[in-house]
1. Search the structure for amide H atoms under 5 Å from the amide H of Val15, placed 1.01 Å from N in the peptide plane, and list their residues when 5 or more places away or on another chain.
2. With a ≥ b ≥ c the root eigenvalues of the C-alpha gyration tensor of the chain, is it rounded (a/c under 1.5), prolate (a/b larger than b/c) or oblate?
3. Using alpha-carbon pairs under 8 Å, 6+ residues apart, how would you state the relative contact order of the chain in percent?
4. Starting from the Cα gyration tensor of the range 76-135, take the square roots of the eigenvalues, sort them a ≥ b ≥ c, and report rounded, prolate or oblate (rounded when a/c is under 1.5, otherwise prolate if a/b is larger than b/c, else oblate).
5. Quick one: compute the contact order of the range 197-266, relative version, from alpha carbon pairs under 8 angstrom and 6+ residues apart, as a percent.
6. Once phi is turned into ³J(HN,Hα) by the Karplus curve 6.51 cos²θ - 1.76 cosθ + 1.60 with θ = phi - 60°, what whole-Hz value does each residue of the range 86-99 show in order, with x for glycine and proline?
7. Answer with one residue from Ala291, Ser329, Gly77: the one whose Cα lies farthest towards the positive end of the charge dipole of the chain, charges on Cβ with Lys, Arg +1 and Asp, Glu -1.
8. Can you order the peptides 100-109, 269-278 by their average number of other Cβ atoms within 10 Å per residue, highest first?
Amino acid sequence: MRIEIPREFERLGAVRIYGLQKVYELDAGPELNPPARDDAVVRSLSAEAIYEVQREMAIVVPVRSERLKLIEGVLVGIPHPCLVIVVSNSPREPTDRHFLELDSITNFCRFTRKQVLVVHQKDPLIAAAFVAAGYADLLDESGLVRDGKAEGMMLGTVLARIMGRRYVGFVDADNYFPGAVNEYVREYAAGFLMHGNDHTFVRISWHSKPKIVEQSLYFAKWGRSSRRCNRALNQLLGHFTGYETEIVKTGNAGEHALTVELAMSMRYATGYAVEPYHFIDLIEQYGGITATEHGDMRRFVRICQIESRNPHLHADKGDAHVADMIVGSLATIYHSRLCPVWLQREIDGELRKDGFLKEGDTLKPVRVYPSLARLNVDAFAAAVQSLVAGRIGAPIVSIATVR
Ligand code: GDD
Ligand code: MG
């Protein structure tokens, strides 16, 4: 892959947010001997180097009631060396959709000779593992893991940790283009190669999202939620640096990857607020603005943003869904202890003006889970291990391979 070196970054304490990096070649050829000389603006990363990073990577695919053909297409796009972890929250009744997913994934595994770890978010055995690990925060009144994409991602992160992977990446299950999925995962690896593997966070900004506008294809750049979310995050940053900025382009990036160590140290916001809250948590913990919980300001957190080349086309979930995402995203910023009053007023005003908040409503805080550092990984692994006995016969629920 040939990729641009970031031209700028914004710094807040130990957090560095790098400017968007463009990709110039999806495949820049093999490792040359002697290595090709890069110039000052681009770097070429060999296919071998990318492959080596992917061998240490788990890709988590959160699924809730997606069409089987879409899920299969996503699995097809994930490079072979990556460990795939599918976390499903699809209904089990009246139709057992998860059973159908298992059947389809088993078929995929048969053809690819690949093991895919598949777990169901509502599996009581998984809930028991969280209890055993002293992290019951994720469970609801019924004693099972709560609904939500973030909740599925957190479970996937813990499994990636137990499986001994160094990096964890996420791709949505409703992507129509396997080629786009393949590109995202290669870009995750490129980000780690360029920025190192200590507290590095790689986020993808889609090049475009095709839509039909008046019977023609239109390649939109920003989604309705990303536009607002990026602006508010940039305003928050600018407030502390004293310089207006547009550095953040990936506030809502569902496609992202980070080191497992960093992922296990972070706090998470529920549902779709998860991505913007990454920024909030990192700035609150490492921004050096107020006393930090992590304390170690000598380790930089590097947030790298890469602009993908494939258009992004995914299932349309409707306007109400986008409205929820807008409100959830802005609520994480509004309720941050760092959010200045003027920005709170601006967010509140914008939500009212555009009809997302009605007269008398207030912007409610979203649920935030404590850092996964509190979870006892060994206890979780042991609990999962002991659950395996009851699973014999399940074809690709390779939870049995958990070590
Ligand atoms: N495990 C699990 N549990 N997965 C879920 C859940 C859940 O409760 N809810 C949704 N998912 C899965 C979906 O099946 C899909 O694969 C993925 O999470 C994203 O959900 P979508 O409903 O397709 O979200 P979106 O397309 O509107 O938004 C995506 O892009 C945004 C950026 O524009 C998401 O990735 C957002 O998180 C992201 O901010
Ligand atoms: Mg989607």
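No value in this document is a laboratory result; all are computed from the given coordinates. Note that this is a predicted model, so its numbers are computed, not measured. When we count neighbours, we look across all protein chains shown, and the Cβ atoms used for this are built from the backbone with ideal geometry, even at glycine.
1. Those lying under 5 Å, H to H, from Val15 are Val301.
2. In terms of gyration-tensor shape, rounded.
3. About 23 percent, as a whole number.
4. Since a/c reaches 1.5 but b/c is at least a/b, the shape of the range 76-135 is classed as oblate.
5. For the range 197-266, the relative contact order is 42 percent.
6. These are the phi-based 3J(HN,Hα) values: 9, 10, 9, 10, 6, x, 9, 8, x, 9, 7, 5, 5, 4 Hz.
7. Checked the options; the winner is Gly77.
8. 269-278, 100-109
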